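This report concerns only the one structure given below.
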Amino acid sequence: MTSVVDVTVDGERLHASLERLAAIGATPGGGVTRLALTDEDKAGRDLVRSWMEEAELAVRVDDFGNMIGRRAGTEEGPAVLFGSHCDTVRRGGRYDGAVGVLGAIEVVRTLGEQGITTRRPLEVVNWTNEEGVRFEPAMLASGGVAGRFDQEYVYSRTDRDGRRFGDELRRIGYLGREEDRPRPPAAYLELHVEQGPVLEDAGLPVGVVEGIVGITWIEAMLEGRADHAGPSPMRLRRDALAAAARLITGIERLANDTDGAVATVGRLNAEPNVINTIPGRVVMSVDFRHADPERLEILVAGLEKLAMSVQLATDVEIRLDRFWTSEPTPFDPGVVGAVQAACEELALPVRRLWSGAGHDAKYLQDVCPAGMIFVRSEGGLSHSEEEYSAPADIEAGANALLRAVLRLAGVA
Ligand code: GLV
Ligand code: MN
Ligand code: MN
């Protein structure tokens, strides 16, 4: 048998799998739209399930639609869990999430071919609705497993057309059982594209992730008065969209004035959205992120103050609903150390970095020691059709995952 130290994944096979999955929901611009619990998601899941089964994983689905493929170890007890998600944002990239799920399957294929059995059981996971684009908030199903959200809350989330998560889960045939949720694992690992420019800037293919920044999502509702665009003098208007514009530029200023902060208004709906009516109502999202929990709170307090001043100046009523917060989360030093050691074993030069994006690993850190491996993103682009990571970098990341899994699970 080949020595365990020499075992590496099949980069070409992994690349081919990524290409096949990317064809499901492919967009004309070279990206992917595979929103959670849509027909495209179902088709992607069916393919992933077939690959899990081919890799001799025993597949089960839990009540949140999470897909878990299990490989027995020589010992009973908690598994080493690793994976990511296959849902995407609208017009997203081919790699966000997919690299982690298909990289995990590739690790298991490799272990099978090489006849390697681990001491701890292994479980590969595809989390449902990581993106939080169709059903807000993000990381909904890993949050459910971690006990952050109860089943009723998760099932009752609705998309923009009023369709419920629970109904859509049943519709696509991925409603499983509560007793099939992943049990608290020995450790959780997630391979993912960086989605930022740090590794490219450092000239490194792979990075060791130390933690995930804090994120808070707020819905702002602006209530003005719809009226005719012609006869209404400017000073008598209560234009909700004009007030929203003030709010948006203020939000941008708040982030610019706070070191390390980012803020985004990514979703906005103006009513009635016609050319000759003053917008009477706007509903928009605010996404604030910071690694420091206190600074995150300062940003929110800044928004509240800003909303009051815009309301006073425009006579448009503004309500804020802060509906989700994911606290800044440092990963477990033991898992971070295992990832670092795995990279050193492969003679991969790495650096440590924090994630500016949310990941299911955040909620897994609630229930077990967790960590992540990043793969360089070209141009730092993500949530974009132009997202790209080179096959060689993805292969290096999958090899780091393989080594880290073997360290955490032990070889029989
Ligand atoms: C998920 O991708 C997020 O960071 O919003
Ligand atoms: Mn992702
Ligand atoms: Mn994403």
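The values are calculated or read from the model by the stated rules, or taken from the named source; none is laboratory data. Predicted model, so just to flag it, every value in this text is computed and none were measured. When we count neighbours, we look across all protein chains shown, and the Cβ atoms used for this are built from the backbone with ideal geometry, even at glycine. Side chains included, ligands, DNA and RNA excluded: accessible areas come from the protein's heavy atoms. Shrake-Rupley method; radii C 1.70, N 1.55, O 1.52, S 1.80 Å.
I need the per residue convex hull volume for the stretch 81-182, using only the alpha carbons, in cubic angstrom as a whole number.
114 Å³
Count the DSSP beta bridges whose two residues both fall in the chain, then state the antiparallel fraction as a percent rounded to the nearest 5. Mind showing how you got there, number by number?
Numbers: 47 of 69 bridges.
The antiparallel proportion sits near 70 percent.
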So for each of 266-277, 189-200, 46-57 I average, over its residues, the number of other beta carbons within 10 Å; can you give me the resulting order with the highest mean first? 189-200, 46-57, 266-277
Report, in deg cm²/dmol and to the nearest 500, the calculated mean residue ellipticity at 222 nm for the chain, where each DSSP H run with n ≥ 4 adds -39500 (n - 2.57) and the sum is divided by the residue count. -11000 deg cm²/dmol
Where both residues lie in the stretch 1-131, what percent of DSSP beta bridges are antiparallel, nearest 5? 65 percent
Burial ranking of peptide ranges 164-174, 133-143 (average Cβ count within 10 Å, highest at the top): 133-143, 164-174
For the chain, with every protein chain kept in place, what is the accessible area per residue (1.4 Å probe, Å²)? 41 Å²
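Using per-residue counts of other Cβ atoms within 10 Å, averaged over each peptide, order 122-128, 227-233, 344-350 from highest down.
Numbers: 122-128: 28.9, 227-233: 10.6, 344-350: 14.7.
Output ranking for 122-128, 227-233, 344-350: 122-128, 344-350, 227-233.
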Hey, if we sort 42, 362, 305 by accessible area with the 1.4 Å probe, largest down, what's the order? 305, 42, 362
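Using heavy-atom solvent-accessible surface (probe 1.4 Å) with all chains present, what is the largest-first order of 308, 372, 221? Before the final figure, lay out each step's value.
On the way: 308 130, 372 0, 221 30 Å².
Sorted by accessible area, descending: 308, 221, 372.
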Top positive-direction residue, dipole computed over the stretch 201-306 with Cβ charges, set 229, 280, 256: 229
With N denoting the number of residues in the stretch 286-363, provide Rg(C-alpha) divided by 2.2 N^0.38 Å, to two decimal places. 1.67
For the stretch 227-311, which whole-number percentage of the solvent-accessible area (1.4 Å probe, protein heavy atoms only) is attributable to carbon and sulfur atoms? 53 percent
Regarding the chain, what are the three Cα extents along the principal axes, ordered largest first, in Å? 84, 44, 38
Heads up, the stretch 139-258 by the C-alpha gyration tensor (a ≥ b ≥ c square roots of eigenvalues; a/c under 1.5 rounded, else a/b over b/c prolate, else oblate) looks oblate
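Among rounded, prolate and oblate, which fits the stretch 315-412 when a ≥ b ≥ c are the square roots of the eigenvalues of its C-alpha gyration tensor, a/c under 1.5 means rounded, and a/b larger than b/c means prolate? Mind showing how you got there, number by number?
Values: a/c = 3.13, a/b = 1.58, b/c = 1.98.
Note, shape of the stretch 315-412 comes out oblate.
If you add up the charges near residue 39, with Lys and Arg at +1 and Asp and Glu at -1, over every other residue whose beta carbon is less than 13 angstrom from its beta carbon, what do you get? Show your work: numbers first, answer last.
On the way: positive: 34, 42, 45, 134, 163, 171; negative: 40, 41, 46, 87, 168.
Neighbour charge sum, excluding residue 39 itself: +1.
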Quick one: 3J(HN,Hα) in Hz for the stretch 142-157, Karplus 6.51/-1.76/1.60 with θ = phi - 60°, rounded, Gly and Pro as x. 5, x, x, 5, 7, x, 6, 10, 8, 4, 5, 4, 4, 5, 8, 5
Rounding to the nearest 10 and keeping the result within 0 to 90°, find how far the Cα-based axis of helix 98-114 lies from the longest principal axis of the chain. 10 degrees
Rounded if a/c is under 1.5, else prolate if a/b beats b/c, else oblate: with a ≥ b ≥ c from the C-alpha gyration tensor eigenvalues square-rooted, which is the stretch 1-159? oblate
Please compute the net charge surrounding residue 282, taking Lys and Arg as +1 and Asp and Glu as -1 over other residues with Cβ under 9 Å from its Cβ. -1
